[in-house]
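Notes follow once the structure below has been shown.
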Amino acid sequence: MSTALERLPEGPWDAVWASPGRVNLIGEHTDYNDGYVLPFALPQLTVVGGRRTAGESWTVSSEQTGETVTFGPDDKVEGWAAYVAGIVWALREAGHDVPGASLAIASDVPFGAGLSSSAALGCAVMAVLVDLAGLDVPMAVRPRLAQRAENEYVGAPTGIMDQSASTLCREGHALFLDCRSLATEQVPFDLAAQGLAILVVDSRAPHAHVSGEYAARRRSCEEAAKILDVTALRDVEPAGLQAALARLDDEVMRRRVRHVVTEDQRVLDTVEALRAGDARLIGPLMTASHESMRDDYEITVPEVDTVVSAALAAGAYGARMTGGGFGGCVLALVDAERCEAVEAAVRGAFADAGFAPPDAFVVTPAEGTHKIR
Ligand code: GLA
């Protein structure tokens, strides 16, 4: 099978950059609560080639859709190209002079699987535009700009995890990110050395109402923070959780808060376990995270719950849905030699339940945004 880089049109390009999709090891729906996340980058890349052109307009073609879109600085672009136009907009909003460009995109990041294909696109486009114009935009500030493009131009109220992962992750590491201070730590995550692997199973469950449900969860957290008189739910300590819950009248809101507060602690515990060098210890934390997403945050669907229970029954150390939810992918931590057996067990459970066959692949933590040429 050809790679995205091989499928990128010939050019000639002045610059070619690549940004990866991501999976989140743990820390779901904590980013917009100023909390902690621990994603790592996938080997699957979105590749963007760019060439400077005269004037203030941008042309972008997509190998995936076969479309070419041209827009000016004041156009409101819709569809996939909005993720490109949003980056131009965010750079200009930040005071940068973005020269006209011709861009082409090719991608191996599965679309709509919760693996952050949109962040990969935005981050690669930003890298190319910054390079073409010789702008001074350090990697550390790019996630915030790319997030702004998604929040304010595209209109998706996401947190900062995906753009941070796609920009800052390092091969062989998970990125421990404090979403309030934006402090980062590259945590070594070399599973092969311990005879382990992460199996990703794409449930292929159709995403329904994702954006509305995401926005509703976010709103509920913000309302709870207001009632509890804290800046964000990150400020509720696990030791104070029961007291905080007692101050909330709404049962649904109590569950949302419990997820966020316990999930933040699970990220910290996972980082501790990895620092101690025993990745098997994170299995139970992953599974507890899934249960919390299922029962308290209510963002799982039967397909992903089936992947998790089948993987655990087949001997996985832990398994959890990753990403925004309502479908998408599950990560299972397994003995490397058990990958095929776990995958077969999941396929069997899907067949029994009458679900369409899932997709599955083994991942190793890959490099964030980087220049190809
Ligand atoms: C989506 C968003 C992220 C994050 C996750 C849930 O991927 O883009 O900002 O909120 O959902 O953890």
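The values are calculated or read from the model by the stated rules, or taken from the named source; none is laboratory data. It should be emphasised that the depicted structure is a prediction, and the values quoted were computed from it without experimental measurement. Note: ideal-geometry Cβ built from the backbone for every residue, glycine included; neighbour counts use all protein chains shown.
Which of the residues that make up segment 131-187 are farther than 27 Å from Ser102 by Cα, in contact with a Cys (Cβ under 9 Å, 6 or more places away or on another chain) and more than 13 Å from the ligand (Cβ to nearest atom)? Within segment 131-187, Leu175, Gln186 meet the criteria. Checking each residue in segment 244-267 for being of a type in the set (Gly, Ala, Ser) and either buried (at least 18 other Cβ atoms within 10 Å of the Cβ) or at pLDDT below 95 (or both) picks out only Ala244.
Applying a threshold of 6 Å to beta carbon distances and a minimum spacing of six or more residues, or different chains, the list of pairs starting in segment 145-164 at a residue that is touching a residue at least 40 places away in the same chain (Cβ under 8 Å) and under 19 Å from Cys221 (Cβ atoms) and ending at one that is polar (S, T, N, Q) and near the ligand (Cβ under 9 Å from one of its atoms) reads Glu150/Thr158; Ile160/Gln147; Asp162/Ser116. Close Cβ contacts (under 8 Å, 6 or more residues apart or on different chains) running from residues in segment 113-128 that are within 18 Å of Asp97 (Cα to Cα) and in contact (Cβ under 8 Å) with a residue 12 or more places away in the chain to residues that are within 13 Å of the ligand (Cβ to nearest atom) and of a type in the set (Phe, Trp, Tyr) comprise Gly122/Tyr83; Val125/Tyr83. Taking segment 49-91 as the range and being among the aliphatic types (A, V, I, L, M) and within 19 Å of the chain's Cα centre (by Cα) as the test, the residues that pass are Ala82, Val84, Ile87. Can you tell me which of (1) within 16 Å of the ligand (Cβ to nearest atom); (2) closer than 25 Å to Gly172 by Cα; (3) in contact with a helix residue (DSSP H, G or I) (Cβ under 7 Å, 6 or more places away or on another chain) is the one Leu45 doesn't meet? Among (1) within 16 Å of the ligand (Cβ to nearest atom); (2) closer than 25 Å to Gly172 by Cα; (3) in contact with a helix residue (DSSP H, G or I) (Cβ under 7 Å, 6 or more places away or on another chain), the lone unmet condition for Leu45 is (1). Elements of the type helices (runs of 4 or more DSSP H) sitting completely within segment 251-360 and holding at least 2 residues that are within 15 Å of the ligand (Cβ to nearest atom): these cover 251-275, 282-295.
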